[in-house]
Amino acid sequence: MDEAQLQAALALLPHGAEFRFLDRLLELDPGKSGVGEYRVRGDEPFLRGHFPGEPLMPGVLLVEATAQLAGVVAQSDPAILPLPGLKLTALRNVKILGTAKLGEVVRLEAQIVGRLGNLIQARTQASVSGSIVLTAELTLSGASA
């Protein structure tokens, strides 16, 4: 997937560029599933305090990264209009099994498992160097189109 397609997909989310955790979209089955990546660059403001001397990407931001990918997947469904103001609204079965450090690439995966009106359910995971660092079931919701 090229940079223009990624930017178009990200434009369907409400986040500003400084709070995006999706650098590359590797695979996209519109409305069904996707795979993306985020590289922990080292210049992110949250790394200064988490933790000084040994910066780690916070687990809640791993959740956010997978939610953003799930949003991109859901909003790309050609049969359903994008939902305005799509937001993460519920978390279930979240397991933070590890983290990502400076310079590491986080592989993000999201699968849409259900839709009902303006609610979207997704199953997600994040991994670093082949090891799963997060699994979560998420609910996203947006305003009715």
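The values are calculated or read from the model by the stated rules, or taken from the named source; none is laboratory data. Nothing here was measured: the structure is a model prediction, and the numbers come from that model. Positions of Cβ are generated from backbone atoms using ideal geometry, with glycine treated the same way; all protein chains shown enter the neighbour counts. Note: areas computed on protein heavy atoms with side chains; ligands, DNA, RNA excluded. Shrake-Rupley method; radii C 1.70, N 1.55, O 1.52, S 1.80 Å.
Accessible surface for the chain, divided over its residues, is 51 Å² per residue with a 1.4 Å probe.
Karplus-based coupling profile of segment 69-84, in residue order and whole Hz: 5, 4, x, 4, 4, 5, 6, 8, 4, x, 8, 10, 4, x, 8, x, with θ = phi - 60° in 6.51 cos²θ - 1.76 cosθ + 1.60 and x standing for Gly or Pro. Return the carbon/sulfur percentage of the accessible area of the chain, one whole number, probe 1.4 Å, all protein chains in place. Looking at the chain in its full context, I get 55 percent from C and S.
Modelled spin-label separation between Gln7 and Ala143, with each label point placed 7 Å from Cα along the Cα-to-Cβ direction: 2.6 nm. FRET efficiency for the pair Ser129 and Arg20, taken as 1/(1 + (r/R0)^6) with r the Cβ-Cβ distance and R0 = 22 Å, rounds to 0.50.
Of interest is the spacing of the C-alpha centroids, which for segment 7-52 and segment 71-145 amounts to 11 Å. Amide H contacts for Ser76 (H built 1.01 Å from N in the peptide plane; partners 5 or more residues away or on another chain; cut-off under 5 Å): Gly31. Packing here is the average count of other Cβ atoms within 10 Å per residue, and on that basis the peptides 80-92, 56-68, highest first, run 56-68, 80-92. Treating only the Cα positions of segment 33-90 as identical point scatterers, give the base-10 log of I(q)/I(0) from the Debye formula at each q in 0.15, 0.23, 0.27 Å⁻¹. Here log10 of I(q) over I(0) equals -0.57, -0.95, -1.11. Summing Lys and Arg as +1 and Asp and Glu as -1 over all other residues whose Cβ lies under 11 Å from the Cβ of Val35 gives a net charge of -2.
The charge dipole of the chain, taken about its Cα centre with unit charges on the Cβ atoms of Lys, Arg (+1), Asp and Glu (-1) only, comes to about 380 debye. Fraction of C-alpha pairs exceeding 19 angstrom in segment 21-128: 44 percent, rounded to a whole number. In angstrom, the C-alpha Rg and Dmax of segment 79-145 are 14.0, 40.
Using the Cβ of Leu83 as centre and a radius below 14 Å, the other residues enclosed give a net charge of +1, where K and R count +1 and D and E count -1.
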